[in-house]
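*Asks:* Below is a structure I'd like to ask you about.
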Amino acid sequence: MNKQIKLGEINTLKINRASEPGLYLISEDEVEVLLPNAYIKDGMELGKTVDVFIYTDSEDRLVATTLTPKLKLNEIAALEVVDIARFGAFVDIGLPKDILVPINKQKSPFKVGEKRVLKLVEDEKSNRLIATEKFKEEYDRNTNSFKTNDEVEIIVYKKTPLGFKVYVNKNFEGMIYHNEIFSKLNIGDIKKAYVKTVRDDGKLDIVLQKIGVKNSDDDLYKIVEVLKSNNNYLEVTSKSDSELITKLFEMSKKRFKAALNTLITENRVILEANAIKLNH
């Protein structure tokens, strides 16, 4: 149970009393916060504890919810812009109230529908939760628990001459190099990826496909689906230009050749002189 109620975080609070608008929850220091009726679930009884996220309502009062937001205080996520105002933009964090990104916290003008990589912070003047695009990049450098081919979640947040910088599991710094990217990446993309190298400086080299896994089912599926979308026939083989292969199948020529050989061996794809076709 929380000693104090903490804004922007998951709090464990005790159900103190019931009222018409909902249940009032209390922390050890006896500060109360309302859990509206919309979030009351079966089994919530006086004296029991409940885990809730704390934010502020439209009148800047603390309020509790059992919904899980897309990010918590000081976390980073790619959030969709849902509205534009004279003083800033609003983004969806998975709660009934959208979060403001003030104009002075934006690197460039926001547009409705796009995604921006943002950090949730507490505004020092208003004590409200806001999101900012201007934040110091801080990472956990203790990457000893990672190993090659570990599956991770990444958020793409910056393009550099070397490749794309990514946040790994929201806490670690990673890089995907341009020569290892075989599909389009955009700032704000959230993807499943894999650890390639755990570096001595606490950074991670990341790839979008598992390393050393021959004839991945994903590659086989991709080739079949591309063929289906092209009337089951394509003028391409493993001898075709690597740029064409990457453009069509979003994989390297080496991976394409290995997967195609498997499909041919399994008689799922027929190889012609200068083309391949799906075998029905």
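*Asks:* Taking the Cα centre of the range 30-80 as the origin, how large is its charge dipole in debye, to the nearest 20, when only Lys and Arg (+1) and Asp and Glu (-1) carry charge on their Cβ atoms? Could the numbers behind the result be given before it?
*Replies:* Working: 5 positive and 10 negative charges, 37 e Å.
I would put it at about 180 debye.
*Asks:* Please go through the range 34-87 and write out the chymotrypsin sites (Phe, Trp or Tyr not before Pro) that DSSP classes as loop and that have at most 11 other C-beta atoms within 10 Å. Mind dumping the intermediate values first?
*Replies:* Details: sites: Y39, F53, Y55, F87; in loops: F87.
The qualifying sites are F87.
*Asks:* Could you check the spin-label model distance between E30 and D51? Points 7 Å from the Cα along Cα→Cβ, value in nm.
*Replies:* 2.9
*Asks:* Suppose every Lys and Arg Cβ carries +1 and every Asp and Glu Cβ carries -1, with no other charges. What dipole size does the chain come out with about its Cα centre, to the nearest 20 debye?
*Replies:* On the way: 45 positive and 44 negative charges, 214 e Å.
Charge dipole, the chain, about its Cα centre: 1020 debye, nearest 20.
*Asks:* Rank these by accessible area, largest first, 1.4 Å probe: F146, F90.
*Replies:* Values: F146 30, F90 50 Å².
Descending accessible area places them as F90, F146.
*Asks:* Counting only heavy atoms of protein chains, what accessible area per residue, in Å², does the range 79-184 have with a probe of 1.4 Å?
*Replies:* Numbers: 5900 Å² over 106 residues.
Averaged over the residues of the range 79-184, the accessible area is 56 Å².
*Asks:* Below 8 Å, C-alpha to C-alpha, sequence gap of six or more: please give me the relative contact order for the chain in percent. Intermediate values should be presented prior to the final figure.
*Replies:* Working: 564 pairs, mean separation 28.5, N = 280.
That works out to 10 percent.
*Asks:* Could you derive backbone 3J(HN,Hα) for the range 172-186 from the dihedral phi with the Karplus parameters 6.51, -1.76 and 1.60 (θ = phi - 60°), listing whole Hz in sequence and x where the residue is Gly or Pro?
*Replies:* Values per residue, Gly and Pro as x: 10, 9, x, 9, 10, 7, 3, 6, 10, 10, 10, 8, 5, 10, 10 Hz.
*Asks:* So, one more: Hey, how many Å between the Cα centroid of the range 1-32 and the Cα centroid of the range 179-213?
*Replies:* Going from one Cα centre to the other spans 41 Å.
*Asks:* Taking a point 7 angstrom from the Cα of R141 along the C-beta vector, which residues in the range 168-204 have backbone N less than 20 Å away?
*Replies:* 168-176, 197-204
*Asks:* Taking the Cα centre of the range 62-199 as origin and charging only Cβ (+1 Lys, Arg; -1 Asp, Glu), how large is the dipole, in debye to the nearest 20? Could the numbers behind the result be given before it?
*Replies:* Numbers: 25 positive and 19 negative charges, 64 e Å.
The dipole of the range 62-199 has a size of about 300 debye.
*Asks:* Using the Cα centre of the chain as origin and beta-carbon charges of +1 (Lys, Arg) and -1 (Asp, Glu), tell me which of G94, N186, M251 is placed farthest towards the positive end of the dipole.
*Replies:* After comparing all options, I get M251.
*Asks:* How much of the accessible area of the range 146-280, probe 1.4 Å, is carbon plus sulfur, in whole percent? Intermediate results must be reported in sequence, preceding the final value.
*Replies:* Details: 3540 of 7640 Å².
Roughly 46 percent of what the probe reaches on the range 146-280 is carbon or sulfur.
*Asks:* Which entries in the list K125/K184; K6/K159; K158/K247 go over 30 Å, if you measure between the two C-alpha atoms of each?
*Replies:* On the way: K125/K184 40 Å; K6/K159 35 Å; K158/K247 23 Å.
Table pairs above 30 Å Cα-Cα are K125/K184; K6/K159.
*Asks:* Something else: Would you count, across the range 16-123, every pair of lysines whose alpha carbons are under 29 angstrom apart, provided the pair is eight or more residues apart or spans two chains?
*Replies:* 28
*Asks:* Of the options A77, L46, L23, report the single residue whose Cα projects farthest towards the positive end of the charge dipole of the range 1-113 (beta-carbon charges: Lys, Arg +1; Asp, Glu -1).
*Replies:* A77
*Asks:* Sticking with this one: Once fully extended, how much extra length lies between D123 and T148, figured as 0.36 nm per residue of separation less the alpha-carbon to alpha-carbon distance?
*Replies:* 5.1 nm
*Asks:* 222 nm [θ] for the chain, helices only, -39500 (n - 2.57) per DSSP H run of 4+, per residue, to 500? Mind dumping the intermediate values first?
*Replies:* Working: 3 runs with 33 residues, N = 280.
Theoretical 222 nm ellipticity from helices: -3500 deg cm²/dmol.
*Asks:* Going toward the positive end of the dipole of the range 98-144, with +1 on Lys and Arg Cβ and -1 on Asp and Glu Cβ, which of L120, A131, N104 do you reach last?
*Replies:* The residue sitting farthest along the positive end of the dipole is N104.
The values are calculated or read from the model by the stated rules, or taken from the named source; none is laboratory data. All figures in this text were calculated on a predicted structure; none of them were measured in a lab. Using ideal geometry, Cβ is built from the backbone for each residue, glycine included, and neighbour counts are taken over all protein chains shown. We work out accessible area using only protein heavy atoms, side chains counted, and drop any ligands, DNA or RNA first. Shrake-Rupley method; radii C 1.70, N 1.55, O 1.52, S 1.80 Å.
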